[in-house]
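Student: Can you read through this structure? Questions will come right after.
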Amino acid sequence: MCNEFRKDGSVVLVRSLKVNPKDILRPKGVYAETDFKEEQLVLKDQMLAGAQHSSNKVDCLVCSYCFCFIGSIELQIGRKLYLEQLGVSPHDECRMQKDCYNSDASVEEDDSDVEDQQASGECSSSPSKDKISLPKDVVESLFNGEMQLPYSEKFSLPPIVSCPGGCKENYYCSKSCAEADWESFHSLLCTGEGSKSLSSKALQKFIEHANDTNDIFLLAAKVISFTILRHKKLKESRHEGKGKQVISESIDFSLLGEAWKPVSMGYKRRWWDCIALPADVDGSDEASFRMQMKELALTVILLGPDVTCLRFPPSLQSAESLQLLKEAIFDEECQPLFSLEIYGNIIGMFELNNLDLVVESPVEDYFLYIDDLPLSEKGEVEQTTKPILDALGDDYSICCQGTAFFPLQSCMNHSCRPNAKAFKREEDRDGQATIIALQPIAKGEEITISYIDEDLPFEERQALLADYGFRCGCSKCLEET
Ligand SMILES: [Zn+2]
Ligand SMILES: [Zn+2]
Ligand SMILES: [Zn+2]
């Protein structure tokens with residue numbers, strides 16, 4: 001983390017942007033520290049934690065850290081068809097409604113000349129409908145790399161790197177992604193032999209529970225694991241300076257607060273405002289942090305029914321999930337992280353602040369490329385590719401989908417007349433969030449994005465924004481009242 005935490009409580013994340021703390025004069029928000037032109041890239045926000053939807057894992061094999069596609073076009077296709085033939089089909093239905101959120105745009109799209117493009121693969125399609133299956137040996141030779149498709153070299157993908165802990169769950173695009181994931185999250189959440197968890201059995205149960213109920217639990221586990229690992233590192237570096245090991249009997253709240261800081265960046269809306277940790281660690285003491293924790297727990301209890309917004313999981317599920325996670329990775333020194341209040345808060349934060357993680361598929365690009373070949377060549381090439389496309393059906397275009405938490409983007413305030421938006425450009429092929437300016441933005445101006453569809457009528461907008469705990473008073477809303 002190279003964030004610079006300033007004395008006034010503001011945080012400079014990249015040289016062109018600044019996050020101001022919430023104060024009386026100005027609400028917490030992201031402000032431009034330089035001028036931006038229309039359509040200029042304002043920021044690429046590295047996610048703090050992200051997770052691919054479990055229902056999407058059969059369709060796309062992506063790096064577990066940066067979410068780019070890995071292996072090869074043949075492997076992506078072969079693996080999906082192979083798993084389908086084995087009967088692994090997690091997408092009989094859309095498990096969560098939000099999986100379908102983004103499909104509007106593609107449904108409205110004009111019929112293009114790409115064949116069979118009625119419904120896009122946004123929401124995984126129904127199995128075997130309109131599909132002509134491939135012989136088993138063809139699927140296997142695609143999967144194991146024996147068969148090479150024409151022109152696939154133009155869409156080469158990074159080779160697969162296995163998890164250093166030896167699980168068969170996580171794969172990477174590079175050694176550096178594997179190491180970064182191991183250091184930040186995965187060493188505690190790996191189910192392989194090298195796992196640093198207390199019990200891989202409990203961990204396995206936790207993962208299954210999340211897959212069956214709400215995969216946001218996986219994201220919450222990542223954030224907790226991130227904090228524990230960061231706490232450990234901070235403690236080690238602190239003790240290095242002192243020369244001898246200090247065995248602490250009680251929880252070091254300021255250290256835990258420091259470890260939690262990157263996560264607290266995202267605590268902006270509603271009750272989690274009050275968990276914002278002091279910017280200056282030396283100034284923060286145990287008592288004030290404890291009080292904040294209490295206050296937080298109390299507010300959650302007070303706001304209980306209000307918290308139950310559409311997608312908030314029933315508390316029983318959260319409690320079950322937390323119990324399993326505790327058995328798997330409990331850490332005495334980070335004990336406050338394992339309270340149901342904090343866990344509920346992390347879940348709540350993701351429910352409102354989470355952002356769809358979408359990475360376009362190179363398999364789709366490949367078939368579009370084949371479709372665009374000059375007729376003289378196309379006929380011959382399609383003798384090979386057409387049966388494969390028929391076997392995939394509409395699924396050829398399924399992109400990588402998941403949920404991620406972007407700390408800086410989640411600090412951006414809402415406006416129904418935003419000056420920036422999240423937008424994936426052609427070259428953005430990983431899980432980072434990209435924000436571009438919709439209009440010129442001057443230095444010192446606040447950067448705003450829209451949390452909702454800003455073209456909806458006034459009342460509908462306010463109703464949707466009520467979920468975020470505020471009434472919008474942007475210029476557009478003021479004009480319409
Ligand atoms: Zn990667
Ligand atoms: Zn692993
Ligand atoms: Zn508004």
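Student: Of the residues 364, 426, 459, which single one is within 16 Å of ligand 3 (Cβ to nearest atom) and not assigned by TED's automatic domain parsing to the domain that holds residue 349?
Tutor: Going through 364, 426, 459 in turn, the sole match is 459.
Student: Just checking, does the range 25-46 include any residue being within 16 Å of ligand 1 (Cβ to nearest atom), within 18 Å of residue 409 (Cα to Cα) and modelled with pLDDT of 50 or more?
Tutor: Scanning the range 25-46, I find at least one residue that is within 16 Å of ligand 1 (Cβ to nearest atom), within 18 Å of residue 409 (Cα to Cα) and modelled with pLDDT of 50 or more, so the answer is yes.
Student: Condition first: assigned to a helix (DSSP H, G or I) and either within 16 Å of ligand 2 (Cβ to nearest atom) or in contact (Cβ under 8 Å) with a residue 12 or more places away in the chain (or both). Can you find one or more residues in the range 236-245 that meet it?
Tutor: Yes: one or more hits.
Student: Looking at (1) assigned to a helix (DSSP H, G or I); (2) away from ligand 1 (no atom under 16 Å from the Cβ); (3) at pLDDT 85 or above, which is the one condition that is false for residue 259?
Tutor: (3)
Student: Looking only at the range 387-438, which residues are in contact with a Leu (Cβ under 7 Å, 6 or more places away or on another chain) and among the charged types (D, E, K, R)?
Tutor: If the condition is that a residue be in contact with a Leu (Cβ under 7 Å, 6 or more places away or on another chain) and among the charged types (D, E, K, R), then 421 is the only one that fits.
Student: Within the range 153-183, work out how many residues are of a type in the set (Gly, Ala, Ser) and within 11 Å of residue 64 (Cβ to Cβ).
Tutor: The number of residues fulfilling the criteria is 3.
Student: For residue 425, state whether it is farther than 26 Å from residue 360 by Cα and either away from ligand 1 (no atom under 16 Å from the Cβ) or at pLDDT 90 or above (or both).
Tutor: Here the answer is no, as residue 425 does not meet what is asked.
Student: Within the range 174-182, does at least one residue satisfy the condition of being aliphatic (A, V, I, L, M), over 28 Å from the mean Cα position of the chain (by Cα), away from ligand 3 (no atom under 16 Å from the Cβ) and buried (at least 18 other Cβ atoms within 10 Å of the Cβ)?
Tutor: No: the range 174-182 contains no residue that is aliphatic (A, V, I, L, M), over 28 Å from the mean Cα position of the chain (by Cα), away from ligand 3 (no atom under 16 Å from the Cβ) and buried (at least 18 other Cβ atoms within 10 Å of the Cβ).
Student: Please give the number of the condition residue 251 fails out of (1) part of a helix (DSSP H, G or I); (2) surrounded by fewer than 21 Cβ atoms within 10 Å (Cβ to Cβ).
Tutor: (1)
Student: So which residues in the range 154-202 are within 13 Å of ligand 1 (Cβ to nearest atom) and part of a loop (DSSP other than H, G, I, E, B)?
Tutor: 157, 158, 159, 160, 163, 170, 173, 174
Student: Considering only the range 432-444, I want to know if a residue exists there that is touching a helix residue (DSSP H, G or I) at 6+ places or on another chain (Cβ under 8 Å), closer than 16 Å to residue 33 by Cβ and either modelled with pLDDT of 90 or more or not charged (D, E, K, R) (or both).
Tutor: Scanning the range 432-444, I find at least one residue that is touching a helix residue (DSSP H, G or I) at 6+ places or on another chain (Cβ under 8 Å), closer than 16 Å to residue 33 by Cβ and either modelled with pLDDT of 90 or more or not charged (D, E, K, R) (or both), so the answer is yes.
Student: List every residue pair whose Cβ atoms lie under 9 Å apart, where the two residues are 6 or more positions apart in sequence or sit on different chains, the first residue falls within the range 407-433 and is free of Cβ contacts under 8 Å to residues at least 60 places away in the same chain, and the second residue, located anywhere, is in a helix (DSSP H, G or I) and within 16 Å of ligand 3 (Cβ to nearest atom).
Tutor: The qualifying pairs are 417/475; 417/476; 417/477.
Student: So is residue 203 in contact (Cβ under 8 Å) with a residue 40 or more places away in the chain and under 30 Å from residue 381 (Cβ atoms) or not?
Tutor: Spelling it out, it is not the case that residue 203 is in contact (Cβ under 8 Å) with a residue 40 or more places away in the chain and under 30 Å from residue 381 (Cβ atoms).
Student: Only residues in the range 177-194 that are among the acidic types (Asp, Glu) count as the first member; pair them with residues that are more than 9 Å from ligand 2 (Cβ to nearest atom), Cβ under 8 angstrom, at least 6 apart or cross-chain, and list the lot.
Tutor: Note: pairs meeting the criteria are 181/65; 181/172; 183/229.
Student: I've got another one for you. Among 187, 141, 162, which is the only one that is more than 16 Å from ligand 2 (Cβ to nearest atom), small (Gly, Ala, Ser) and out of contact with any strand residue (DSSP E or B) (no Cβ under 6 Å at 6 or more places or on another chain)?
Tutor: Sole residue among the options that is more than 16 Å from ligand 2 (Cβ to nearest atom), small (Gly, Ala, Ser) and out of contact with any strand residue (DSSP E or B) (no Cβ under 6 Å at 6 or more places or on another chain): 141.
Student: Another one. Could you grab me the full set of residues in the range 76-89 that are away from ligand 1 (no atom under 16 Å from the Cβ) and either touching a strand residue (DSSP E or B) at 6+ places or on another chain (Cβ under 8 Å) or in contact (Cβ under 8 Å) with a residue 40 or more places away in the chain (or both)?
Tutor: 77, 78, 79, 80, 81, 82, 84, 85
Student: Please work out which residue is nearest to residue 215 (Cα to Cα), limiting yourself to the range 402-423 and to residues that are more than 16 Å from ligand 3 (Cβ to nearest atom) and among the small types (Gly, Ala, Ser).
Tutor: Applying the filter and picking the extreme gives 402.
The values are calculated or read from the model by the stated rules, or taken from the named source; none is laboratory data. If you're wondering where the values come from, they're calculated on a predicted model, not measured in any experiment. All Cβ positions, glycine included, derive from the backbone under ideal geometry; neighbour counts span all protein chains shown.
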